[in-house]
Amino acid sequence: MAAGAVTGPDWRDDRIGAAARGENPAVIARLRTGWAVLGDTQHLPGYTLLLYAGTADHLSDLPVPERLGFLADMSLLGEAVFAVLRERDRAFERLNYEILGNAWPHLHAHLHPRYAWEPQPWRGGPVWRYDPQVRAAPQHALGARHDPLKHLIAAKLEELAGGR
């Protein structure tokens, strides 16, 4: 980059706005209540999130119909991720779901794939027990090499949504 060049804001500073503007490279698809995205780290390939498209901190902040819609979208995303990962990696075992919010106070759900190849003791516990340096290692960073996975999940979401 040339000296004095000005760069725009990082899409990570406003993930929802960047998704709406088509500037969030992690986006898999727009669902009814939010954005399906790949996680910033792919130390467990297929780690995805559902980012609520509105303004809410807690699931209970939503009116019941919207809450049920968010949970249905989370389930649909999980079904798509599960189907794709089952085809891609024989060691894929399960998909764990979490709604947290401690680090980012905006309603979002984490979908963590779990694999037989994960080392002990992390394999049997929550993903967050992994060493943060392992999760954030450069070789696991989201990048263009994950585009085929995004496209497979998007196609499966479209297929599943068509049948509902």
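Under 7 Å between Cβ atoms, at least 6 apart or on separate chains: pull out the pairs that start in the stretch 36-48 with a residue that is without any contact (Cβ under 8 Å) to a residue 24 or more places away in the chain and at negative phi and end on any residue that is part of a strand (DSSP E or B) and open to solvent by 10 Å² or more (accessible area, probe 1.4 Å).
Val37/Val27; Val37/Ile28; Val37/Leu49
If I go through the stretch 145-158 residue by residue, how many of them are in contact (Cβ under 8 Å) with a residue 24 or more places away in the chain and open to solvent by 70 Å² or more (accessible area, probe 1.4 Å)?
Residues flagged as in contact (Cβ under 8 Å) with a residue 24 or more places away in the chain and open to solvent by 70 Å² or more (accessible area, probe 1.4 Å) within the stretch 145-158 amount to 2.
Of the residues Val37, Val27, which single one is under 25 Å from Ala155 (Cβ atoms) and open to solvent by less than 20 Å² (accessible area, probe 1.4 Å)?
Numbers: Val27 fails: open to solvent by less than 20 Å² (accessible area, probe 1.4 Å).
Criteria check complete, one pass: Val37.
State all residues of the stretch 108-125 that are closer than 16 Å to Thr41 by Cβ and part of a strand (DSSP E or B); if no residue qualifies, say none.
Listed by number, the residues that qualify are His108, His110, Leu111, His112, Pro113, Arg114, Tyr115.
Only one of Glu98, Glu93 is of a type in the set (D, E, K, R), assigned to a strand (DSSP E or B) and open to solvent by less than 50 Å² (accessible area, probe 1.4 Å); which?
Result: Glu98 is the single residue among Glu98, Glu93 that is of a type in the set (D, E, K, R), assigned to a strand (DSSP E or B) and open to solvent by less than 50 Å² (accessible area, probe 1.4 Å).
Taking the options Ala109, Ala161, Ala136, Ala116, name whichever one is at negative phi, surrounded by fewer than 16 Cβ atoms within 10 Å (Cβ to Cβ) and in contact with a Leu (Cβ under 7 Å, 6 or more places away or on another chain).
Checking each option against the conditions leaves just Ala161.
Quick check on Arg12: is it at pLDDT 95 or above and open to solvent by 60 Å² or more (accessible area, probe 1.4 Å)? Talk me through it step by step, then tell me what you get.
Values: at pLDDT 95 or above: no; open to solvent by 60 Å² or more (accessible area, probe 1.4 Å): yes.
Judged against the criteria, Arg12 is not a match.
For the stretch 143-164, which residues satisfy the criterion of being among the small types (Gly, Ala, Ser), part of a helix (DSSP H, G or I) and more than 12 Å from Val84 (Cβ to Cβ)?
Step one: filter the stretch 143-164 for residues among the small types (Gly, Ala, Ser), giving 143-144, 154-155, 161-163.
With part of a helix (DSSP H, G or I) added as a condition, the list becomes 144, 154-155, 161-162.
Hits for the stretch 143-164 are Ala144, Ala161, Gly162.
The values are calculated or read from the model by the stated rules, or taken from the named source; none is laboratory data. Values in this document were obtained by computation on a predicted structure and should not be read as measured data. FYI the Cβ positions are ideal-geometry reconstructions off the backbone, even for glycines, and counts take in every protein chain you see. Side chains are part of the model used for accessible areas, which takes the heavy atoms of the whole protein and leaves out ligands, DNA and RNA. Shrake-Rupley method; radii C 1.70, N 1.55, O 1.52, S 1.80 Å.
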